[in-house]
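Data first, discussion second: the structure below is written as structure tokens.
The values are calculated or read from the model by the stated rules, or taken from the named source; none is laboratory data. These numbers come from a predicted model, not from an experiment. Positions of Cβ are generated from backbone atoms using ideal geometry, with glycine treated the same way; all protein chains shown enter the neighbour counts. Note: accessible area is taken over every heavy atom of the protein model, side chains too, but ligands, DNA and RNA are not part of it. Shrake-Rupley method; radii C 1.70, N 1.55, O 1.52, S 1.80 Å.
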Amino acid sequence: QVQLVESGGGLVQPGGSLRLSCAASGITFSIYAMGWYRQAPGKERELVALITGGGGLPTYADSVKGRFTISRDNTQNTLYLQMNSLKPGDTAVYFCTAASTYRAIEIGEGYWGQGTQVTVSS
């Protein structure tokens, strides 16, 4: 019954912006830490950003720091990832994840969405 549904992916030119959303159901959203992972073809899964249940301690991979912003709206049970100044290296499938602890997010032991494709290309 736990469901995480990502949306907002697509094709964007380098330097452009995209906003991903993750709609959650089946969990008490406000007490779950959440995060975004991405995986590009031939590459290992990478933790992009994570955030506590209350919206604190946003943390980012060095590769996206200063360009991406993770946030959440606990009244809408929705997680967001605002991606600015996109680069071709950001091309990947982006996955939403939720877990009862911050640590579980970090080690990939949470619930997962189906992923949404982000392609950065001219």
(message) Can you pull out every residue in the range 70-104 that is among the aliphatic types (A, V, I, L, M), within 16 Å of T28 (Cβ to Cβ) and within 14 Å of the chain's Cα centre (by Cα)?
(response) L79, A98, A99
(message) Among the residues of the range 46-60, what is the count of those that are open to solvent by 30 Å² or more (accessible area, probe 1.4 Å) and outside any loop (DSSP other than H, G, I, E, B)?
(response) 4
(request) Please enumerate the residues belonging to the range 21-43 that are among the hydrophobic types (A, V, I, L, M, F, W, C) and either in contact with an Asp or Glu (Cβ under 6 Å, 6 or more places away or on another chain) or assigned to a loop (DSSP other than H, G, I, E, B) (or both). (result) C22, I27, A40
(request) Give the residue that is surrounded by the fewest Cβ atoms within 10 Å (Cβ to Cβ), with candidates limited to residues of the range 31-45 that are over 17 Å from E109 (Cβ atoms) and within 16 Å of the chain's Cα centre (by Cα). (result) A40
(request) Tell me which of these Y80 doesn't satisfy, since it passes every other one: (1) outside any loop (DSSP other than H, G, I, E, B); (2) out of contact with any strand residue (DSSP E or B) (no Cβ under 8 Å at 6 or more places or on another chain); (3) not hydrophobic (A, V, I, L, M, F, W, C). (result) (2)
